[in-house]
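The values are calculated or read from the model by the stated rules, or taken from the named source; none is laboratory data. If you're wondering where the values come from, they're calculated on a predicted model, not measured in any experiment. Every residue, glycine among them, receives a Cβ derived from its backbone with ideal geometry; neighbour counts consider all protein chains shown.
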Amino acid sequence: MITHQSETRGTADHGWLKSRHTFSFGEYYNSERMGFGALRVINDDAVDPGMGFGTHPHRDMEIVSIPLEGALQHRDSVGTSSVIKKGEVQIMSAGTGISHSEFNASKTDPVKFLQIWVLPKKMGVVPRYEQINFSTVEKTNRIVTVVSPDGREGSVSINQDAFFSLTELEASHVVRYERKGSGTGLYVFVISGTVELNGLVLNPRDGVGLESFEEIELRSKTSSEVLLMEVPFSR
């Protein structure tokens, strides 16, 4: 079990952008935090009104964006132009190469979102974009799959044997997560609230990685939202 407390994450302050990095990224480097299996980046970003990331390229990376507050404007070189809000999940398979920009869609309110990078299963795939709204899906006290290799249960599909799930827990509720893949580890990231994972207490923005598991139990101590990322794991 690998535990990362919120306050131990890397920081970046560019004025218009404030970010916390669970794993090494940009100017933040920690040799002991180079990712977790196929999970390479978890960036917790806050962008000022009207500001954002200008057009820039990516290739051979699976990039998942999960808005937590506000609205994010996305444009890319495959012709996508969209706005994503809380309750939606976006994935961009960079493949052979894609350029995109991301801006706060509001001139008055900040946008906060998680940007997560996963190493691909296959290199050089055709670039692809997908966005699905899960806001009407009942996540209270149950675990909902939002990312999967095959788009199961209405999830967005990813070029990797990975599964992302979300749950919104009422206080004093228990849910159990069973491993979906083979040879996978699990990284649990607490978006809000306080939960107990197999006896370990986790607070907002804390993360914990389990290199080997079959099932975990999450017990909420307060109203909580939790992201579970199951990814191929090998040393």
task: May I ask you to say which residue of Gly70, Gly50, Gly79 is farther than 19 Å from Gly207 by Cβ and out of contact with any strand residue (DSSP E or B) (no Cβ under 8 Å at 6 or more places or on another chain)?
output: Gly79
statement: Within the range 88-101, the count of residues that are closer than 22 Å to Asp44 by Cβ and part of a strand (DSSP E or B) comes to 7
statement: Note on the range 162-180: residues surrounded by fewer than 17 Cβ atoms within 10 Å (Cβ to Cβ) and more than 13 Å from Thr145 (Cβ to Cβ) are Glu170, Ala171, Ser172, Val174, Arg176
- prompt: With respect to Val47, is the statement that it is farther than 17 Å from Val118 by Cα, at pLDDT 95 or above, of a type in the set (Val, Ile, Thr) and surrounded by 17 or more Cβ atoms within 10 Å (Cβ to Cβ) true?
  reply: yes
- prompt: Which residues, taken from the range 120-147, are acidic (Asp, Glu) and part of a loop (DSSP other than H, G, I, E, B)?
  reply: Glu138
- request: Test Asp109 against the criterion of being in the same structural domain as Ser220 (by TED's automatic domain parsing), assigned to a loop (DSSP other than H, G, I, E, B) and surrounded by fewer than 15 Cβ atoms within 10 Å (Cβ to Cβ), and give yes or no.
  value: no
- prompt: Looking at the range 77-87, is at least one residue closer than 24 Å to Val126 by Cβ, in a strand (DSSP E or B), at pLDDT 95 or above and not aliphatic (A, V, I, L, M)?
  reply: no
- prompt: For the range 69-76, does any single residue satisfy the condition of being more than 19 Å from the chain's Cα centre (by Cα) and surrounded by fewer than 20 Cβ atoms within 10 Å (Cβ to Cβ)?
  reply: yes
- request: State whether one or more residues within the range 152-163 are over 15 Å from the mean Cα position of the chain (by Cα) and assigned to a strand (DSSP E or B).
  value: no
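When only residues in the range 53-62 that are within 17 Å of Leu114 (Cα to Cα) and surrounded by fewer than 20 Cβ atoms within 10 Å (Cβ to Cβ) count, which is modelled with the lowest pLDDT?
Of everything passing the filter in the range 53-62, Phe53 is modelled with the lowest pLDDT.
Residues are listed down the side, and each one gets a yes or a no for (1) in a strand (DSSP E or B); (2) in contact (Cβ under 8 Å) with a residue 60 or more places away in the chain; (3) surrounded by 14 or more Cβ atoms within 10 Å (Cβ to Cβ):
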{"site": "Ser182", "(1), (2), (3)": "no, no, no"}
{"site": "Gly185", "(1), (2), (3)": "yes, yes, yes"}
{"site": "Phe189", "(1), (2), (3)": "yes, yes, yes"}
{"site": "Val201", "(1), (2), (3)": "yes, no, no"}
{"site": "Ser212", "(1), (2), (3)": "no, no, no"}
{"site": "Ile216", "(1), (2), (3)": "yes, no, yes"}
{"site": "Arg219", "(1), (2), (3)": "yes, no, yes"}
- line: The one condition Lys18 fails out of (1) farther than 28 Å from Thr108 by Cα; (2) basic (Lys, Arg); (3) without any contact (Cβ under 8 Å) to a residue 60 or more places away in the chain is (1)
- request: Kindly list the number of the only condition in (1) at positive phi; (2) in contact (Cβ under 8 Å) with a residue 40 or more places away in the chain that fails for Gly193.
  value: (2)
field: the range 21-44, subset touching a residue at least 40 places away in the same chain (Cβ under 8 Å) and hydrophobic (A, V, I, L, M, F, W, C), residue surrounded by the fewest Cβ atoms within 10 Å (Cβ to Cβ)
entry: Val41
